[in-house]
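Enquirer: Before anything else, here's the structure in question.
Laboratory data are not the source of any read-out in this text; all were calculated from the coordinates shown. For clarity, every value in this text was computed on a predicted model and none was experimentally measured. Note: ideal-geometry Cβ built from the backbone for every residue, glycine included; neighbour counts use all protein chains shown.
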Amino acid sequence: MKVILLEEVRGKGGEGDVVEVAQGYAENFLFPKRMALRATPGNLKQLEERRHNIVVREAERIKNAEALQEKLDEKVVEIDVKIGEEGQLFGSVTNAMIADAIKDQLGIDIDRKRIELGRPIKVAGLHKVIVSLYRTIFATLLVQVGNPKEFPAGDASVPVDEELTVVAEDGKGAAAEGEGAAADADVEKPEAEAEAEIKEEAEKPESEAAEAEEKE
């Protein structure tokens, strides 16, 4: 079904864009969160009436995203984790850990969901990750896992990750490796996250009821 976006929806577009989405995605996620409206004749007419204001806001968002891109691009953040033999980690580095490192070391707040790992980071060394800032504006961040003297970039046993897939608004991506499969996975990610959030919200009443029974 066609909807009018009221804000940026990753992989779909930004405020004022008229896009085609799955009906369930719209009714169960976008509409309840007031992220979109049905593309009815009346709503489309109102959209055109406020188009000028949308263009002004869009220009400001792009300006802010580009400024943030300059602050993040090619910057290095360090992650201190427990490392085993041959640089293997006990567990993996998550996007939440990287978001915390960005805030602590660079003083910038980034939503963890905007940090694209592509695949889990499970070895020490230097890794490239993509930070989705706004629409097609991305920053390439360098993540140093472990001591750089012990696990430097270019170490044959701990290779630097290939640049990850960057997904544009139309859902198409380009990557040095796994182009087709990786692009499809990234396009589906926002809707998958939405489905998980919907499920979590649906389970809350049952959980709260169970807790109330236990207290009684």
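Enquirer: Any of K2/K45; K2/K63; K2/K113; K71/K122; K12/K71; K82/K149 with alpha carbons more than 21 Å apart? Name them for me.
Expert: Those over the limit are K2/K63; K2/K113; K71/K122; K12/K71.
Enquirer: Quick one: grab Rg to one decimal and Dmax as a whole number for the stretch 20-145, Cα atoms only, in Å.
Expert: Rg, Dmax (Cα atoms, Å): 19.3, 64.
Enquirer: Separate question: If the viscosity is 0.890 mPa s and the temperature 25 °C, what translational diffusion coefficient in µm²/s does Stokes-Einstein give for the stretch 73-163 when Rh comes from Kirkwood over Cα pairs?
Expert: The diffusion coefficient I find is 186 µm²/s.
Enquirer: Rounded to the nearest 0.05, what FRET efficiency do N147 and T94 have when you use their Cβ-Cβ distance and R0 = 22 Å?
Expert: 0.65
Enquirer: In addition: Starting from the stretch 65-138, pick out the GluC sites (Glu not before Pro) whose DSSP state is loop and whose Cβ has at most 16 other Cβ atoms within 10 Å.
Expert: When the GluC sites (Glu not before Pro) of the stretch 65-138 are filtered for loop state and at most 16 Cβ neighbours within 10 Å, E74 remain.
Enquirer: Give the Kirkwood hydrodynamic radius (Å, one decimal) of the stretch 10-78, defined as one over the mean of 1/r across all pairs of different Cα atoms.
Expert: 14.5 Å
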